[in-house]
Amino acid sequence: MKFGSSGIRGIVNTEITSESALCIGRAVGSEYHDVVVGRDPRTSSEMIECAMVAGLLSVGCQVTRVGMVATPTLAYAGRNRDCGVMITASHNPPEYAGVKLFNPDGMAFDSGQQETIERSLADSDLRLKPWHGIHPVRTDKNAVSDHISMILSGINIEKQMLVVVDSGCGAASLTTPYLLRELGCDVITLNSQPDGFFPGRGSEPKEEGLAVLRSVVRDVHANIGIAHDGDADRMVAVDDTGRFVSNDKLLAFFGMREAGRSMVVPVDTSMLIDAVLPGVTITRTRVGDVYVAEAMKRIGADFGGEASGTWIFPKISYCPDGIYAAARLVEMVSQEEGRFSDQISTLPEYEMKRGTLPNRGGMSSMSRIEEEMRTNFEFAGFSTLDGVRLALDDAWALVRPSGTEPLIRITVEGETRVEVERLYLQIEKIIKRL
Ligand code: MG
């Protein structure tokens, strides 16, 4: 079994079974002795949790269960323990199950830690404890209220705000609406009953799935709409006119208020960030929120995020926290002049084009693409951190292989449509020729 950048994920009872969860529990429990376990509302999560807890206990681990919680709530509950185990497949479809492991500072396990667990998994000689070495399970019913209290202590919303929250039937159903009411907001909820079938919409909060949220925000004249993914490490927003706020704009909006001197984003982030944060040192990483968090910790950045809807505030945690982000966003909107749509409209607009081509040559085709791009363009910057990123004077392009499918992904952004189309076609031609 292999960990990816988001832990272990797969289809339940096919790729991830109760047996595999038991083995992961034994492997984690033989490395970490005081572990907190939480789960999302998926139909499979309780089954995986029971097996995971049995595995942890069998090797003498001290286990505390916090029940159904959001991923950032679990990460916060792990602050005084050795390790946090979250049973979640995040925003994947309902048939998926997953496991994500966290350090006490909220940072997901890095590749070195994951390799240690993978090695333990392969070790058939894991020491099972004798009868007197097995601990009772503890239950902590305060994880959600502790997380809410921590957020309440740092947020102050003075203006009366009407907020529509679409929890996507995920774990945030039990947290974000209550938190915002405690902060003094009027709250209308959508899809806020936890349900592993995700009957309201897909658990990934994409613009196409948020038509109901957008129309409710418009119809009730709300100040803002908020939507989460299944485990609420992500958060996206709708403005007061019911328009979906692009995550690149939201990243810029947060960055302008949170990034003091330094900010970390992945290589596929919009040039909007550079345009609106001229005095801020921007560090780009490989695509994936774990890489963003790692770089933030390494350089001590003030803020970081990814246009997938993940926002990382190191003053509270290195785990992306969609619930804190929701409260902080409502606070920011309430403290500034004008409506949210006005505040957002001051940000410059850029043209972006994304597309894919089949990848027949695997990784070897990437080195040829790199060579060709180096010789065919006059660039201001060139990076091979994750795929090939080309920076021109007023545009940039990224070509990278998909991590999950035999595809090459092309992203081009620039100031005008014409320019973007031209650059895109040029790159497409090079790849097709190869
Ligand atoms: Mg998630």
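The values are calculated or read from the model by the stated rules, or taken from the named source; none is laboratory data. Just so you know, these numbers come straight off a predicted model, no measurement behind them. Note: ideal-geometry Cβ built from the backbone for every residue, glycine included; neighbour counts use all protein chains shown. Just so you know, the surface numbers come from the protein's heavy atoms only, side chains and all, with ligands and any DNA or RNA stripped out. Shrake-Rupley method; radii C 1.70, N 1.55, O 1.52, S 1.80 Å.
In this entry, PHE377 is excluded by the filter for residues that are in the same structural domain as ARG286 (by TED's automatic domain parsing) and in contact with a helix residue (DSSP H, G or I) (Cβ under 9 Å, 6 or more places away or on another chain). The residue that is farthest from the ligand (Cβ to nearest atom), among those in segment 273-292 that are under 18 Å from the mean Cα position of the chain (by Cα) and buried (at least 19 other Cβ atoms within 10 Å of the Cβ), is ARG284. Of all residues in segment 382-422, those satisfying the criterion of being part of a loop (DSSP other than H, G, I, E, B), farther than 22 Å from ASN359 by Cα and either of a type outside the set (Val, Ile, Thr) or within 28 Å of the chain's Cα centre (by Cα) (or both) are LEU392, ASP393, ASP394, GLU415. For segment 339-364, which residues satisfy the criterion of being farther than 21 Å from TRP396 by Cα and assigned to a strand (DSSP E or B)? Passing the criteria: only PRO358. Would you check if GLY84 is in contact with a Leu (Cβ under 7 Å, 6 or more places away or on another chain) and either within 16 Å of the ligand (Cβ to nearest atom) or over 20 Å from LYS2 (Cβ atoms) (or both)? Yes: the conditions hold for GLY84.
Close Cβ contacts (under 6 Å, 6 or more residues apart or on different chains) running from residues in segment 260-279 that are under 16 Å from GLU294 (Cβ atoms) to residues that are surrounded by fewer than 21 Cβ atoms within 10 Å (Cβ to Cβ) and of a type in the set (Asp, Glu) comprise SER262/ASP302; VAL267/ASP386.
Within segment 202-222, identify whether any single residue is more than 16 Å from the ligand (Cβ to nearest atom), in contact (Cβ under 8 Å) with a residue 40 or more places away in the chain and not hydrophobic (A, V, I, L, M, F, W, C), and answer yes or no. Yes; the residues of segment 202-222 include at least one that is more than 16 Å from the ligand (Cβ to nearest atom), in contact (Cβ under 8 Å) with a residue 40 or more places away in the chain and not hydrophobic (A, V, I, L, M, F, W, C). Checking every residue in segment 118-126 against the condition of being at negative phi, in contact with a Leu (Cβ under 8 Å, 6 or more places away or on another chain) and at pLDDT 95 or above gives zero matches.
Among the residues of segment 183-201, is any in a strand (DSSP E or B) and basic (Lys, Arg)? No, there is no match, as no residue in segment 183-201 is in a strand (DSSP E or B) and basic (Lys, Arg).
A search for C-beta distances below 9 Å between a residue of segment 55-82 that is assigned by TED's automatic domain parsing to the domain that holds LEU179 and any residue that is within 16 Å of the ligand (Cβ to nearest atom) and open to solvent by 10 Å² or more (accessible area, probe 1.4 Å), counting only pairs 6+ apart in sequence or on different chains, returns nothing.
Among the residues of this structure, LEU392 does not count as one that is hydrophobic (A, V, I, L, M, F, W, C) and under 30 Å from LYS2 (Cβ atoms). Restricting the search to segment 94-112, which residues are open to solvent by 10 Å² or more (accessible area, probe 1.4 Å), at pLDDT 95 or above and either away from the ligand (no atom under 13 Å from the Cβ) or assigned by TED's automatic domain parsing to the domain that holds VAL290 (or both)? Within segment 94-112, PRO94, GLU95, ASN103, PRO104, ASP105, MET107 qualify. Scanning segment 293-317 for residues that are touching a helix residue (DSSP H, G or I) at 6+ places or on another chain (Cβ under 8 Å), surrounded by fewer than 21 Cβ atoms within 10 Å (Cβ to Cβ) and of a type in the set (Asp, Glu) yields a single hit, ASP302. Residue count for segment 223-248 under the criterion of being more than 14 Å from the ligand (Cβ to nearest atom) and farther than 24 Å from ASP195 by Cα: the result is 11.
Against the numbered list (1) farther than 22 Å from HIS228 by Cβ; (2) within 16 Å of the ligand (Cβ to nearest atom), ALA295 comes up short only at (2). Residue by residue through segment 395-406, note down the ones that are of a type in the set (D, E, K, R) and open to solvent by less than 60 Å² (accessible area, probe 1.4 Å). Passing the criteria: only ARG400. Taken over segment 127-154, the criterion of being closer than 20 Å to CYS23 by Cβ and open to solvent by less than 40 Å² (accessible area, probe 1.4 Å) is satisfied by GLY133 alone. For segment 66-83, the criterion of a residue being open to solvent by 60 Å² or more (accessible area, probe 1.4 Å) and in contact with a helix residue (DSSP H, G or I) (Cβ under 8 Å, 6 or more places away or on another chain) is satisfied by no position.
CYS169 satisfies every condition listed in (1) open to solvent by 10 Å² or more (accessible area, probe 1.4 Å); (2) in a loop (DSSP other than H, G, I, E, B); (3) out of contact with any helix residue (DSSP H, G or I) (no Cβ under 9 Å at 6 or more places or on another chain); (4) of a type outside the set (A, V, I, L, M) except (1). Just one of (1) within 16 Å of the ligand (Cβ to nearest atom); (2) out of contact with any Lys or Arg (no Cβ under 7 Å at 6 or more places or on another chain); (3) farther than 20 Å from VAL163 by Cα fails for SER308. It is (2). Quick check, is CYS61 of a type in the set (A, V, I, L, M, F, W, C), touching a Leu at 6+ places or on another chain (Cβ under 7 Å) and more than 16 Å from the ligand (Cβ to nearest atom)? When the stated conditions are applied, CYS61 does not pass them. Restricting the search to helices (runs of 4 or more DSSP H) fully inside segment 223-304 and requiring at least 1 residues that are of a type in the set (Lys, Arg) and within 28 Å of GLY403 (Cβ to Cβ) gives 247-258, 289-299.
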